[in-house]
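The values are calculated or read from the model by the stated rules, or taken from the named source; none is laboratory data. Worth saying up front: this structure is predicted, and the values here are computed from it rather than measured. We place every Cβ from the backbone using ideal geometry, glycine too, and count neighbours over all the protein chains shown. Note: accessible area is taken over every heavy atom of the protein model, side chains too, but ligands, DNA and RNA are not part of it. Shrake-Rupley method; radii C 1.70, N 1.55, O 1.52, S 1.80 Å.
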Amino acid sequence: MNLQKNSYFCCENNNNANVDEFFKPYLRFMKDLTKKIAARYNNDPTRLMDILLDLHEVQNHVSDDQVDTLAKILNQSGASIRETISFYHFFSMKPLARYNIYLNNSITSVMRDRQSVKEAFEMDCDIEFGQVSEDGQFGLFNTSCIGMNDQDPAAIINGKIFTNLTPYRVHELIKGLKSGQALDDLIYENHGDGNNSDPDVHSMVYNHIRKKSIILKKDYPFYEVLKTKLKDVSPEDVIHKVEASNLRGRGGAGFPTGLKWRFGRKIEGEHKVIICNADEGEPGTFKDRVMLTEYPEMVFEGMVISAYATGADIGLLYLRHEYKYLLKFLNRKLDEMRAIGVLGKKVAGISDFNFDIRIQLGAGAYVCGEESALIESLEGKRGEPRDKPPFPVEKGYLGYPTIVNNVETLATVVKILYHGADWYTGFGTKDSLGTKLLSISGDCKFPGIYEVEWGTSIKEVIEMCGAEEVQAIQVGGPSGMLIGVKDFNNLNSNELMKWYKPSGMMIAEKFFDRRLSYSDLPTGGSIIIFNKHRDLLKDVVMNFMDFFIEESCGSCSTCRNMPFVMKNKLQKILDGHGVRKDIDDLLSWGKTLKASRCGLGQTAGNPILSSIFNFRHLYEQYIQSLTDFDTGFDLEKSIQASAKFTHRKASLHSF
Ligand code: SF4
């Protein structure tokens, strides 16, 4: 039975009696399939993500009938299941295609001629993006950053990654698929470096590790802490060592890891949960992808250490859907750990220490990087951030005390326990100890992963990655800030501090002398470089605003509306209709966004705010006058588009 043929699904609800009769066996089959898959997860509604993922694996969408079946089995409302499906990029209730092509639309992709790749796909598949071909063979979709910024333009096709796309490669690929070749045979490079060549990964992705320091240096026999050190130290000792190292969370917020673990240890619960947040979705970030490819042992070992310290018995690694190609490999690593006794029952020979890890695949939603949204998703729901308090450490996954740590943080813990806190505090700066993994991409000769000590200057970063004619650098992804060489003293710093003050930012005289640290330039690791030939407003800022508009979960009216309104205002300026008041409005609206519930909304105005603060001259060159009103505003011209849409005359006299 061809499960991907469109016509089957389109007729599912057809009332024609003959057609119903014809499709009865098929509908029964689908119902049985749904029941079978739900049974795999004990009909547990909190495993809805897995159930939906498995259904998509078989048939590429979930039908209306299947939702109804699931609703009965899981004792949920159909509406809530439909809500969940509609939330994630990689779920669908409409039949998709045999080959579903998700082309990354991040800025690094755009900078490497995404447009011509997009056109090549459209021409060869004979459809536009957002459509499925009539024969059900091809579906073309845009998708947010897939974590391949050092090898863009990249696409995900049926879960496989295709990097460095060009129109030629697209032609070859589609020609091959049309002639019946297998997708695997069309991967145009045999495999990437390191574990990308592992049979369970078999991907053309490259790690591009350019600089190793204390974390990435392979000077450590995996699982050594678990095998030789853990049984000799108490959980309190472990927490004490992590506190002594002053390790702060590497996801961006920088919360002290030891303190988080101490809270976690104190709170009582029937179960306690350790979550590794591997949902790196910030455009420009790909370090977790490389850590999970090359150092999964250290990440898992960090989870086990964290569980020992806090008394947790449940471990969950939330893997972003875009990294699904690593799933089999990572599960194998967990099996290997169980086999040698460092995961499961009596971990590392400690009689009362039972802890296991399950990998939960996401389904495409940037906001799930926020810890409470991630927990919602783990519970089988829409990934909408929760109101806080209570914080996850008090009431998290299924109501249990939950500690959420980042991939890099957990790997770092292992090295701290192995070498000691004193060793670790010998690196970095006084207020920012240790090293940071940077994902560097954009206009530079050597994009990739660089492990640098905190305190490294932006100037050093530029030299390291071979960037020239640098105009600007986006530090920390779209939610971070766009910095440039412009002398800061020329700007109105009072205004800046009034409207825009991310985590204690200090003002340095020259931006490129600024240093990566929690007190100057905090970052989760994303660094995107733009040379002098890039149009920062039209290309970069607009792309970032589109990203936030696309990724808002829609709960807060500020985050749902303001990025859209701000983008329109920027467009007005770019169209030459801007006045000085528009810039003031943008600054004011950016402040309104800070009232949003989670970090996504709170930072969604940053692309515009930071570009106004650091590149105000770019805005002013579009401003037609320094008055507050657009004196040349042409009302008739401005209503032409809506007049065309409503079939009315675009003349003021007709009103
Ligand atoms: Fe959702 Fe945005 Fe509100 Fe966050 S800020 S909860 S993403 S609407």
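Which ones in the stretch 383-415 are open to solvent by 40 Å² or more (accessible area, probe 1.4 Å), in contact (Cβ under 8 Å) with a residue 60 or more places away in the chain and within 16 Å of the ligand (Cβ to nearest atom)?
Let us first name the residues in the stretch 383-415 that are open to solvent by 40 Å² or more (accessible area, probe 1.4 Å), namely 384, 386-391, 394-395, 398, 400.
Subset that is in contact (Cβ under 8 Å) with a residue 60 or more places away in the chain: 384, 387, 394, 398, 400.
Across the stretch 383-415, the qualifying residues are E384, D387.
Taking D352 as meeting all but one of (1) assigned to a helix (DSSP H, G or I); (2) open to solvent by 20 Å² or more (accessible area, probe 1.4 Å); (3) not polar (S, T, N, Q), write down the number of the exception.
(1)
Would you call E83 among the acidic types (D, E), open to solvent by less than 50 Å² (accessible area, probe 1.4 Å), modelled with pLDDT of 95 or more and assigned to a helix (DSSP H, G or I)?
It is false that E83 is among the acidic types (D, E), open to solvent by less than 50 Å² (accessible area, probe 1.4 Å), modelled with pLDDT of 95 or more and assigned to a helix (DSSP H, G or I).
When you go through (1) within 16 Å of the ligand (Cβ to nearest atom); (2) surrounded by fewer than 24 Cβ atoms within 10 Å (Cβ to Cβ); (3) modelled with pLDDT of 95 or more; (4) not in a helix (DSSP H, G or I) one by one for E376, which number turns out not to apply?
(4)
Restricting attention to the stretch 207-220, which residues are open to solvent by less than 60 Å² (accessible area, probe 1.4 Å) and at pLDDT 95 or above?
N207, H208, I209, S213, I214, I215, L216
Could you check the stretch 558-571 and list, in sequence order, the residues that are in contact with a helix residue (DSSP H, G or I) (Cβ under 9 Å, 6 or more places away or on another chain) and more than 6 Å from the ligand (Cβ to nearest atom)? Spell out the reasoning first.
Pass one, the stretch 558-571, residues in contact with a helix residue (DSSP H, G or I) (Cβ under 9 Å, 6 or more places away or on another chain): 558-560, 562-567, 569-571.
The answer is T558, M562, P563, F564, V565, M566, K567, K569, L570, Q571.
Please count how many residues of the stretch 557-587 are in contact (Cβ under 8 Å) with a residue 24 or more places away in the chain, more than 22 Å from the chain's Cα centre (by Cα) and within 19 Å of R616 (Cα to Cα).
First pass over the stretch 557-587, keeping only residues in contact (Cβ under 8 Å) with a residue 24 or more places away in the chain: 558-559, 562-563, 565-567, 570-571, 573-574, 576-583, 586-587.
Now narrow it down to the ones that are more than 22 Å from the chain's Cα centre (by Cα): 565-566, 570-571, 573-574, 576-583, 586-587.
Remaining after also requiring within 19 Å of R616 (Cα to Cα): 566, 570-571, 573-574, 576-583, 586-587.
Counting residues in the stretch 557-587 that are in contact (Cβ under 8 Å) with a residue 24 or more places away in the chain, more than 22 Å from the chain's Cα centre (by Cα) and within 19 Å of R616 (Cα to Cα) gives 15.
List the helices (runs of 4 or more DSSP H) inside the stretch 416-529, counting only whole elements, that have at least 3 residues being at pLDDT 80 or above and open to solvent by 10 Å² or more (accessible area, probe 1.4 Å).
Here the list reads 421-424, 458-465.
Please determine whether any residue of the stretch 289-302 is open to solvent by less than 10 Å² (accessible area, probe 1.4 Å), farther than 30 Å from I157 by Cα, in a helix (DSSP H, G or I) and of a type in the set (V, I, T).
In the first step, residues of the stretch 289-302 are kept if they are open to solvent by less than 10 Å² (accessible area, probe 1.4 Å); the result is 289-293, 295-296, 298-302.
Now drop any that are not farther than 30 Å from I157 by Cα, which leaves 301-302.
If we keep only those that are in a helix (DSSP H, G or I) as well, we get 301-302.
Subset that is of a type in the set (V, I, T): none.
Among the residues of the stretch 289-302, not one is open to solvent by less than 10 Å² (accessible area, probe 1.4 Å), farther than 30 Å from I157 by Cα, in a helix (DSSP H, G or I) and of a type in the set (V, I, T), which makes the answer no.
Among the residues of the stretch 309-319, are any assigned to a helix (DSSP H, G or I) and in contact with an Asp or Glu (Cβ under 6 Å, 6 or more places away or on another chain)?
No, the stretch 309-319 contains no residue that is assigned to a helix (DSSP H, G or I) and in contact with an Asp or Glu (Cβ under 6 Å, 6 or more places away or on another chain).
Open to solvent by less than 40 Å² (accessible area, probe 1.4 Å) and touching a Pro at 6+ places or on another chain (Cβ under 7 Å): which single residue out of V367, V347, V342 fits that description? So that I can check it myself, show each step before the final result.
Numbers: V347 fails: touching a Pro at 6+ places or on another chain (Cβ under 7 Å); V342 fails: touching a Pro at 6+ places or on another chain (Cβ under 7 Å).
Within the list V367, V347, V342, the selection yields V367.
If you scan the stretch 572-612, which residues turn out to be open to solvent by less than 10 Å² (accessible area, probe 1.4 Å), hydrophobic (A, V, I, L, M, F, W, C) and more than 13 Å from the ligand (Cβ to nearest atom)?
I573, V579, I583, L586, L587, I608, L609, I612, listed by residue number.
Only one of (1) under 16 Å from L437 (Cα atoms); (2) touching a helix residue (DSSP H, G or I) at 6+ places or on another chain (Cβ under 9 Å) is not met by K227, so which one is it?
It fails just one condition, (1).
Those residues that are open to solvent by less than 50 Å² (accessible area, probe 1.4 Å) and either farther than 26 Å from Y99 by Cβ or not small (G, A, S) (or both), I need them from the stretch 59-69; list them, please. Before you say what the answer is, go through the steps one by one.
Narrowing the stretch 59-69 to residues open to solvent by less than 50 Å² (accessible area, probe 1.4 Å): 59-63, 66-67, 69.
Listed by number, the residues that qualify are Q59, N60, H61, V62, Q66, V67, T69.
In the stretch 114-132, what residues are part of a helix (DSSP H, G or I) and surrounded by fewer than 18 Cβ atoms within 10 Å (Cβ to Cβ)?
In the first step, residues of the stretch 114-132 are kept if they are part of a helix (DSSP H, G or I); the result is 114-125.
Hits for the stretch 114-132 are Q115, S116, E119, E122, M123.
Please work out which one of (1) part of a loop (DSSP other than H, G, I, E, B); (2) in contact with a helix residue (DSSP H, G or I) (Cβ under 8 Å, 6 or more places away or on another chain); (3) within 16 Å of the ligand (Cβ to nearest atom) is the condition S555 fails and give its number.
(2)
Return only the number of the condition from (1) more than 12 Å from the ligand (Cβ to nearest atom); (2) buried (at least 19 other Cβ atoms within 10 Å of the Cβ); (3) over 16 Å from G477 (Cβ atoms) that M545 does not satisfy.
Condition not satisfied by M545: (3).
Only one residue in V242, V201, V225 is hydrophobic (A, V, I, L, M, F, W, C) and either without any contact (Cβ under 8 Å) to a residue 40 or more places away in the chain or not assigned by TED's automatic domain parsing to the domain that holds G399 (or both). Which one?
On inspection, the qualifying residue turns out to be V201.
From the list K72, K94, exactly one residue is surrounded by fewer than 20 Cβ atoms within 10 Å (Cβ to Cβ) and assigned to a helix (DSSP H, G or I). Which is it?
One residue alone meets the criteria, K72.
Select from the stretch 134-157 the residues that are in contact with a strand residue (DSSP E or B) (Cβ under 6 Å, 6 or more places away or on another chain) and either at positive phi or among the aliphatic types (A, V, I, L, M) (or both) and list them in ascending order.
Answer for the stretch 134-157, where residues must be in contact with a strand residue (DSSP E or B) (Cβ under 6 Å, 6 or more places away or on another chain) and either at positive phi or among the aliphatic types (A, V, I, L, M) (or both): L140, I146, A154, A155, I156, I157.
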